[in-house]
Amino acid sequence: MFRIRKIQDFILSVNKGAMKQVQEILRTQFDEIKEQDIQRFFDQLLNPSQYRFEPHLFVADNLKGKVIGFAYLSYFKDLNFCFLDYLAAGKFQISRGIGGALYQRVRHEAKSLGAVGLFYECLADDPRVYTDQRILRQNKSRLKFYERYGAFPIINSLHKKPLVIDKDIPPYIVFDGLGRDVFLMREKVRSVVRVILTRKYAGLCSSQWTRTVLDSFKDDPVELRPARYIKKQEKIPIDVSVPFDKKIILVVNERHAIHHVKEKGYVETPVRVGTILKELNKTDLFYTIPASNFPANYITAVHDKGFYSYLKKICYHLKLKESIYPYLFPLRNHARKPVDLIDRAGYYCIDTFTPLNRNAFIAAKRAVDCAMSAAQRIAFGHRLAYALIRPPGHHAEQHCFGGFCYFNSAAVAAHYFSRFGKVAILDIDHHHGNGQQDIFYHRDDILTASIHIHPRLDYPLFTGFEDEKGADQGYGYNINVPLPKGIDGGRYRKALKKVLRHIKSFSPIFLIVCLGLDTAKRDPTGTWKLLSHDFFDNGILIGRMNLPTLVIQEGGYNNRVLGVNARFFFQGLWQGAFKP
C-alpha cells in the first residue's frame, strides 16, 4: 500500500526525510550518476529561479515516510513543455505498480500545467546498439511501458544524451501528447531540445554538439515511431480525476449526532453536518478517512486537567437525555469550587446557554479525535484537510467551556503542529475566537488571528478587542479584527487580506482555519451578508497562502445555504492551492 504525493516544500520533517531517501535512490539505481549531479538536482528544487524552470518532485511513500519511488518533472513555462528527468522505484520495488502510478501522476500534472506535452529520454531498444541482452530487454520493457500511454520516440535525429556523449550511445527523445493528437513542428522540437541541452545540462555539452543535434531534425512536422509493442486499443487514457495528493482529506465526527439538544433555540443541531456533506459529495475534491483515537494528554496539553476531569465526570454522572445549564458563577470567590457537580458547572463555563448532558463529553472528545486525525495527515505531507465536526470548539478556553464549545479542537491541533515549527490560526467565524486567544496569549510560536463581529455587539462580549495583542513573549502574536454589523463580502475580503498579510510575515509552517459559516447572509446567529461567491473568493485567498492547511468546522446555522457555502469555500480553497 502506497500513496503518490507532490512535495511542495522542504520545511516539513517528512519532506526533508523524503528528499534524503530520493537522493539515496539516485545513488543506488543510477550507477553513472555523480555526487555533484545529485547536489545539482537538490539545488534545482531549492533554487528553481536560477535554472529558469519549475521543478516538480513526486514521491511514492507509505504513511510512515518510507519512500519507495519518485518522479522528477521540469516545466519550462516559456516554451510550455514538460521534461521528465527521472522516474524510478527503489530497490526491490520494481513490480509493485509504483512506476505506473507515478507516471500517471506526472501526466496529470503536465496536463494541469497546460503543457503541450511531455518529453523525456529513453535508451534505445536497437540490438545494433546494445549487444548486452539484459540491457536490451530492460530498454524494450521501458519503451513498451511508455507506449501503453501513447508515448513514442521521435525518429530521424542524432540526439544523444549529453551526460554520456563520450560513449556514443544514442538515446531516444520520447514524446507523450497527454492523450491528444499533437503535430510537433520541427522548430518547436528544436526549441525544446535546445532548452534541454543548454538549461538542464548547462556546461555538460559544447555549443557545437548542440548545433549538430538541432540540425539533425529534418522532418517537419517531426515523426514519431509507430507502435512496436502494443495495439492502439491497449493505450491507457490519461487520468482526469483529482489525484490523491490534491484531494482534501475529510474526517467526519460520526458520533456527533449523539449530542442532540432538542430544546427550543438550540441551533447547534446534527442536521448541520448532513447538510454540508450533501454538498461536498457533489465534488470530486474529498477523500474521507476514519478518525483515530487519541489519548487525553493531547487535550490536557492545552486545557486544564481539572476542567477536563470535571467535564468527563459530570457528563457520565448525568442521566440519558438530561441536560443541565450553568446558573451560578464564582465572581466573588473564584478559589472555592462548589462541592456538588451540577452546582460546579458555572465554575467551568462562561455563559448560561451551553448545556451539559450525558453525550457532550463523548461528542467533544470525538471532535478532537477528528481534528487530530486530519492534523496528522497534514504533518505527514498532505496539503489540505477538513475536520467536519460538531460540537465546535473555538470558544473553549484553557479552563472553561461555552458558546456550544467544550474542547478547543483547533488549539489541540495547533499545539501538536508546534512541535514541527510555527503555526498560524485564522478564525473566520462570525464570533471571536476567544478560546485560541486565551490558550496561546503568552506564546510566540503560535499566531492567533480572528475576524469577527465587534465584541460590544455580540458574544463573547468580553474579549476580541483590537488592543488585545498578546502578553509577555506572546505580545504581537494575537490579532483581532472586530467589524461592525451588516458588512458585505467586499468589506470582509479587505479585512481578510489584511490578516493574511500578517500571517505571511509570520512565516508559519502550518495554517489552521476555524471555518465559521455563520458569516452568511441571514444566519440566525450572525449579522453579516456574505454570499456563496464570497466564500469562494475567501477560499481562493486562503489557498494562495500556499501552506499546509487544516480547516476545522465551527459555526454556521442557516441550513438553507450552509452546505452550498461550504462547498463554494472548499472549491475556492482548492483552486487557490492547486491551480496555476
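The values are calculated or read from the model by the stated rules, or taken from the named source; none is laboratory data. The structure displayed is predicted, hence computed values, not measured ones. Glycine gets a Cβ as well: all are built from the backbone with ideal geometry, and neighbour counts include every protein chain shown.
Annotation: Arg107 fulfils all but one of (1) at pLDDT 95 or above; (2) over 19 Å from Val174 (Cα atoms); the unmet one is (2). Exactly one residue out of Ala60, Ala89 is within 22 Å of the chain's Cα centre (by Cα) and assigned by TED's automatic domain parsing to the domain that holds Glu187: that is Ala60.
Quick one: in the stretch 63-111, of everything that is under 16 Å from Arg3 (Cα atoms) and polar (S, T, N, Q), which residue is surrounded by the fewest Cβ atoms within 10 Å (Cβ to Cβ)? Checked the stretch 63-111; the qualifying residue surrounded by the fewest Cβ atoms within 10 Å (Cβ to Cβ) is Ser95. When Arg228, Arg199 are screened for being modelled with pLDDT of 90 or more, of a type in the set (D, E, K, R) and not in a strand (DSSP E or B), only Arg228 passes.
Residues that are loosely packed, with under 12 Cβ neighbours inside 10 Å and assigned to a helix (DSSP H, G or I) within the stretch 33-62 comprise Glu35, Gln36, Gln39, Leu46, Ser49, Gln50, listed in sequence order. Scanning the stretch 360-375 for residues that are crowded, with 20+ Cβ neighbours inside 10 Å and not small (Gly, Ala, Ser) yields Phe361, Lys365, Arg366, Val368, Asp369, Cys370, Met372. In the stretch 15-32, the qualifying residues are those that are in contact with a helix residue (DSSP H, G or I) (Cβ under 9 Å, 6 or more places away or on another chain) and under 21 Å from Pro48 (Cα atoms), and the one that is surrounded by the fewest Cβ atoms within 10 Å (Cβ to Cβ) is Gln23. For the stretch 137-146, the count of residues that are aliphatic (A, V, I, L, M) and at pLDDT 90 or above is nonzero. Residues in the stretch 340-397 that are farther than 29 Å from Asn281 by Cβ and of a type in the set (Gly, Ala, Ser): Ala345, Gly346, Ala396.
Restricting attention to the stretch 496-516 and to residues that are without any contact (Cβ under 8 Å) to a residue 40 or more places away in the chain and among the charged types (D, E, K, R), the residue that is farthest from Ile428 (Cα to Cα) turns out to be Arg501.
When the residues of the stretch 279-290 are narrowed to those that are charged (D, E, K, R) and exposed (fewer than 14 other Cβ atoms within 10 Å of the Cβ), which ends up farthest from the chain's Cα centre (by Cα)? Of everything passing the filter in the stretch 279-290, Lys282 is farthest from the chain's Cα centre (by Cα). Does the stretch 528-543 contain any residue that is under 28 Å from Phe380 (Cβ atoms) and either in contact with a Cys (Cβ under 6 Å, 6 or more places away or on another chain) or outside any helix (DSSP H, G or I) (or both)? Looking through the stretch 528-543, none of the residues is under 28 Å from Phe380 (Cβ atoms) and either in contact with a Cys (Cβ under 6 Å, 6 or more places away or on another chain) or outside any helix (DSSP H, G or I) (or both). Scanning the stretch 213-225 for residues that are part of a loop (DSSP other than H, G, I, E, B), under 18 Å from Glu121 (Cβ atoms) and not small (Gly, Ala, Ser) returns Phe217, Val222, Glu223, Arg225. Only a single criterion out of (1) hydrophobic (A, V, I, L, M, F, W, C); (2) part of a strand (DSSP E or B); (3) farther than 23 Å from His394 by Cα is not satisfied by Cys514, namely (3). When the residues of the stretch 386-405 are narrowed to those that are in contact with a helix residue (DSSP H, G or I) (Cβ under 7 Å, 6 or more places away or on another chain) and either outside any loop (DSSP other than H, G, I, E, B) or aromatic (Phe, Trp, Tyr) (or both), which ends up surrounded by the fewest Cβ atoms within 10 Å (Cβ to Cβ)? Looking at residues that are in contact with a helix residue (DSSP H, G or I) (Cβ under 7 Å, 6 or more places away or on another chain) and either outside any loop (DSSP other than H, G, I, E, B) or aromatic (Phe, Trp, Tyr) (or both), I get Leu388.
The residues on offer are Val240, Val271, and the sole one that is at pLDDT 85 or above, hydrophobic (A, V, I, L, M, F, W, C) and either under 20 Å from the mean Cα position of the chain (by Cα) or crowded, with 16+ Cβ neighbours inside 10 Å (or both) is Val240. Taking the conditions (1) in a loop (DSSP other than H, G, I, E, B); (2) within 30 Å of Gln571 (Cα to Cα); (3) not charged (D, E, K, R) in turn, Tyr287 satisfies each one other than (1). Across the stretch 291-322, the qualifying residues are those that are of a type outside the set (D, E, K, R) and farther than 25 Å from Ala411 by Cβ, and the one among them that is surrounded by the most Cβ atoms within 10 Å (Cβ to Cβ) is Leu318.
Among the residues of the stretch 65-83, the ones that are more than 28 Å from Ala379 (Cα to Cα) and part of a strand (DSSP E or B) come to 4 in all.
Is it the case, given these coordinates, that Ala115 is buried (at least 20 other Cβ atoms within 10 Å of the Cβ) and in a helix (DSSP H, G or I)? Criteria not met by Ala115.
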